[in-house]
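Structure first, commentary second.
The values are calculated or read from the model by the stated rules, or taken from the named source; none is laboratory data. On a predicted model such as this, the values are computed, not experimentally measured, just so you know. Because the Cβ atoms are built from the backbone with ideal geometry, glycine has one as well, and the counts that use them run over all protein chains shown.
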Amino acid sequence: MFHILEKRLIEAVGRFLRESRQVEIPVVLEQPRQAAFGEIALPVAFGLAKQLRQPPRAIAEALAKEFPAVEGIEKVEIAGGGYLNVRFDRGYYAAALLAGLTDATNEAAGKVIVEHTNINPNKAAHIGHLRNAVLGDTFVRMLRANGRKVEVQNYIDNTGVQVADVVVGFHYLEKKTPAEVRNLAAQPKFDYYCWDLYARTSAYYGSNPEAVEWRRNTLHVIEAGEGELAELGHIVADAIVERHLDTMLRLGIEYDVLPRESEILHLRFWATAFEQLKERKAIYFENEGKNSGCWVMAGSHFREAGDEGEAKVIVRSNGTVTYVGKDIAYQLWKFGLLGKDFHYKPLRTYQSGHVAWVATDEPCDAPAPPFGQGGEVYNVIDSRQSYLQDVVVAGLRALGYAAQAEKSIHFSYEMVALSPRTCAELGIPLSEEDRKKSYVEVSGRKGLGVKADDLIDKLIEKARAEVDSRHPDAPEAERAVVARQIAVGALRYFLLKFTRNTVIAFDIQEALSFEGETGPYVQYAAVRARNIFRKLAERGEAAPDFAAVLDRDALRRQLAAEEFWQLLLAASKAGPALESALKAGEPSHVGRYAFTLAQSFNSFYHDYPVLTESNREKKTFLLWMTDYFRRRLEETLAILGIEVPEYM
RNA sequence: GGGCCCGUAGCUCAGUUGGAUAGAGCGUCUGGCUUCGAACCAGCAGGCCGGGGGUUCGAGUCCCUCCGGGCCCGCCA
């Protein structure tokens with residue numbers, strides 16, 4: 001509704017200026033500095049000051065006198081150096097909200113592809129991976145809430161060097177057969193086992209340089225896809241992918257399709273992309289210099305104009321393709337530009353019946369929905385890979401796909417590091433140098449980091465203690481559910497409260513907090529709103545028919561109280577909040593909105609006892625406000641992927 | 001050497017395309033539970049927005065420069 005009035009205002013003011021002043025300027029709306037100034041501020045007078053050669057204040061006064069009538073707007077006032085502050089007709093506005101009038105969502109055409117998570121399937125997921133997945137998943141929920149069609153992809157690099165390292169560990173260090181590893185892989189914490197093995201193998205390379213040859217050979221065999229080492233690679237990667245899906249499901253994160261590198265190789269996606277790249281002269285064969293014998297992309301494609309820079313090798317002199325090359329092929333496929341497709345088989349069915357599919361190289365009986373063919377592609381990848389993402393986009397552009405290059409968005413974010421305090425707490429040894437830093441980078445290679453499942457377990461444990469102390473009589477199973485919901489709320493909110501380009505110095509104390517700006521704080525507000533209606537029912541009272549009691553005049557009477565009006569206004573801005581968060585590409589903005597909404601409600605809850613209110617109109621109004629807040633809180637939390645517990 | 005990011009209250013962070021008196025949370029201190037359950041609320045204190053220059057009627061926000069910190073720049077992935 002807020003948006004509707006904004007649009008009306010822009011339209012009316014634009015026409016007014018055109019007709020009365022013969023000026024054509026874009027009408028900009030602002031949020032007044034203070035809520036008491038009104039709902040919308042128009043700074044038009046400042047823009048006109050130059051053109052009309054008059055002081056802004058005088059222009060504002062003149063404009064205010066002739067200001068056109070706009071439905072739903074009560075009046076305009078002059079303020080400050082020349083602002084026109086607009087006040088809504090409160091009764092009109094609230095009546096529209098009560099009638100269920102909402103801002104229309106964008107029905108933009110085309111599918112959006114969001115790729116996130118993308119964890120190397122060779123070890124347990126850690127806190128950094130969680131940031132990626134939660135950011136990606138929340139962005140997906142934002143897009144869907146806005147009416148967009150979204151496909152969630154989780155790319156699996158199952159033939160890469162990281163998997164090879166773990167295979168080396170099993171085969172050369174532990175001398176295990178595929179059958180033995182298969183047994184191990186069926187154990188619950190196989191990903192933890194590999195976490196340690198990966199670190200051990202990496203360390204082994206350091207002290208035994210000749211072992212690096214094992215790795216090279218293993219990688220080669222895994223890519224070819226045949227032999228015992230390749231079998232080991234599959235066992236490891238497939239099992240770990242399942243563990244990752246389990247971990248993410250604990251946070252409510254699901255996927256539509258898992259494209260895999262093994263299929264990119266076997267289905268010769270790269271060969272097809274290579275032909276295109278050669279044909280359209282996007283890459284060239286280098287005959288001299290250090291890159292002699294390689295196919296390279298000229299630096300001018302992916303750097304600032306004028307900066308020739310270094311060329312990027314796409315195909316090595318031994319004929320093998322680099323990681324970026326495969327990524328270009330994958331990106332082409334996402335847009336439906338490759339002229340090839342994977343085959344698919346169902347990987348798992350979620351509780352809702354939703355199926356996650358995985359790429360295969362041979363057809364399967366189950367009919368898969370169409371994947372790929374996106375109109376817009378978001379790659380959720382940390383900022384350290386921005387150079388490579390630039391190369392991928394440059395590849396598209398060099399192939400003549402300028403439109404798709406524009407629609408290829410690197411949804412980048414900064415890494416999660418560990419606070420020194422948390423390192424100490426976890427018993428991670430720090431060098432003299434690390435101790436001085438404000439944070440320490442995690443390293444899978446060194447086995448240095450906080451495992452996702454450990455963190456979730458810890459959060460559940462703490463939430464459970466809180467729930468037990470408050471609701472000792474509630475059934476055990478119920479308390480377990482509530483504790484899990486609170487833990488997930490705390491974790492997801494924690495990862496979302498920072499803007500994307502802030503490095504998170506992960507501090508376990510801070511993440512375990514349930515007070516202040518946290519997920520549980522917001523959940524608590526929603527629970528309180530629900531409790532009021534539960535108590536009402538327990539008293540044998542039915543929820544009133546709001547529309548019957550609250551006509552426009554009644555609403556106007558109640559909303560004459562400034563506090564009520566400000567609360568309602570804030571709650572009514574969920575739509576615009578989502579829209580601006582999408583525009584900015586910032587899930588954290590939705591989190592922040594949820595928090596301020598919860599703050600508003602908590603103060604309302606504290607100041608106005610609803611159930612004991614004796615005046616019928618006021619009580620109905622308070623109940624309506626409660627209900628309105630409850631719905632906005634629930635909607636916003638759903639976008640954040642946070643559930644509302646039965647009680648807290 | 002080149003590129004990207006960051007520097008705002010004791011700590012952790014917000015701050016829309018430049019706008020009115022720079023905001024939260026935590027922490028400190030002070031008050032508030034007679035169940036719509038305090039995982040809450042109210043209040044106090046705390047700021048040369050890293051330094052300097054510029055553009056502008058107006059700069060935390062844009063430009064230049066310097067200082068401090070992080071990340072990237074491979075025929076690894």
- Given the conditions (1) assigned to a helix (DSSP H, G or I); (2) surrounded by 13 or more Cβ atoms within 10 Å (Cβ to Cβ), and given that residue A:176 satisfies all but one, which numbered condition is not satisfied? (1)
- Task: Considering each residue of segment A:605-640, count those that are buried (at least 22 other Cβ atoms within 10 Å of the Cβ) and over 27 Å from residue A:551 (Cα atoms), and give that number.
- Result: 4
- Query: Of (1) in contact (Cβ under 8 Å) with a residue 60 or more places away in the chain; (2) among the basic types (Lys, Arg); (3) not in a loop (DSSP other than H, G, I, E, B), residue A:445 satisfies all except one. Which?
  - Reply: (3)
- Query: If you check residue A:91 against the conditions, is it more than 16 Å from RNA strand B (Cβ to nearest atom), crowded, with 19+ Cβ neighbours inside 10 Å, at pLDDT 90 or above and closer than 30 Å to residue A:545 by Cβ?
  - Reply: yes
- What number of residues in segment A:532-558 are surrounded by 16 or more Cβ atoms within 10 Å (Cβ to Cβ) and within 12 Å of RNA strand B (Cβ to nearest atom)? 3
- Task: Working only within segment A:480-513, note down all residues that are within 8 Å of RNA strand B (Cβ to nearest atom), of a type in the set (A, V, I, L, M, F, W, C) and under 25 Å from residue A:442 (Cα atoms).
- Result: A:490, A:498, A:503, A:504, A:505
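In this structure, is residue A:249 in a helix (DSSP H, G or I) and more than 12 Å from residue A:158 (Cβ to Cβ)?
Values: in a helix (DSSP H, G or I): yes; more than 12 Å from residue A:158 (Cβ to Cβ): yes.
Yes.
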- Number of positions in segment A:421-433 that are more than 10 Å from RNA strand B (Cβ to nearest atom) and in a helix (DSSP H, G or I): 6
- Query: In segment A:47-63, what residues are modelled with pLDDT of 75 or more, of a type in the set (A, V, I, L, M, F, W, C) and either surrounded by fewer than 17 Cβ atoms within 10 Å (Cβ to Cβ) or more than 13 Å from RNA strand B (Cβ to nearest atom) (or both)?
  - Reply: A:58, A:62, A:63
- Query: Can you tell me which of A:597, A:567, A:637 is more than 10 Å from RNA strand B (Cβ to nearest atom), at pLDDT below 95 and either acidic (Asp, Glu) or assigned to a helix (DSSP H, G or I) (or both)?
  - Reply: A:567
- Item | Test result for residue A:505, of a type in the set (A, V, I, L, M, F, W, C), farther than 23 Å from residue A:638 by Cα and assigned to a strand (DSSP E or B) | yes
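Looking at segment A:298-403, what strands (runs of 3 or more DSSP E) fall wholly within it and have at least 1 residues that are near RNA strand B (Cβ under 10 Å from one of its atoms)?
Details: elements: A:312-315, A:343-349, A:355-360, A:376-382.
Here the list reads A:312-315, A:376-382.
Kindly evaluate residue A:30 against the criterion of being of a type outside the set (Phe, Trp, Tyr) and at pLDDT 85 or above.
On the way: of a type outside the set (Phe, Trp, Tyr): yes; at pLDDT 85 or above: no.
When the stated conditions are applied, residue A:30 does not pass them.
Any idea which of A:274, A:269 is of a type in the set (Phe, Trp, Tyr) and crowded, with 22+ Cβ neighbours inside 10 Å?
Working: A:274 fails: crowded, with 22+ Cβ neighbours inside 10 Å.
Of the residues listed, the single one that is of a type in the set (Phe, Trp, Tyr) and crowded, with 22+ Cβ neighbours inside 10 Å is A:269.
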- Message: When you check residue A:561 against the structure, is it near RNA strand B (Cβ under 9 Å from one of its atoms) and either surrounded by fewer than 21 Cβ atoms within 10 Å (Cβ to Cβ) or at pLDDT below 95 (or both), yes or no?
- Response: no
- Quick check: is even one residue across segment A:155-171 without any contact (Cβ under 8 Å) to a residue 60 or more places away in the chain and either among the aliphatic types (A, V, I, L, M) or touching a His at 6+ places or on another chain (Cβ under 9 Å) (or both)? yes
- Unmet criterion (only one of (1) at pLDDT 95 or above; (2) assigned to a helix (DSSP H, G or I)) for residue A:216: (1)
- Note on the structure: By residue number, the members of segment A:405-442 that are among the small types (Gly, Ala, Ser) and closer than 30 Å to residue A:395 by Cβ are A:405, A:408, A:412
- Among (1) more than 16 Å from RNA strand B (Cβ to nearest atom); (2) hydroxyl-bearing (Ser, Thr, Tyr); (3) in contact with a Leu (Cβ under 9 Å, 6 or more places away or on another chain), which single condition is residue A:172 missing? (3)
- Filter segment A:362-382 down to residues that are surrounded by 15 or more Cβ atoms within 10 Å (Cβ to Cβ) and on the phi < 0 side of the Ramachandran plot, then give me how many there are. 11
- Message: Looking at segment A:522-548, I want the residues that are free of Cβ contacts under 8 Å to residues at least 12 places away in the same chain and have a partner that is assigned to a helix (DSSP H, G or I) with Cβ atoms under 7 Å, at least 6 apart or on another chain. Which pairs are those?
- Response: none
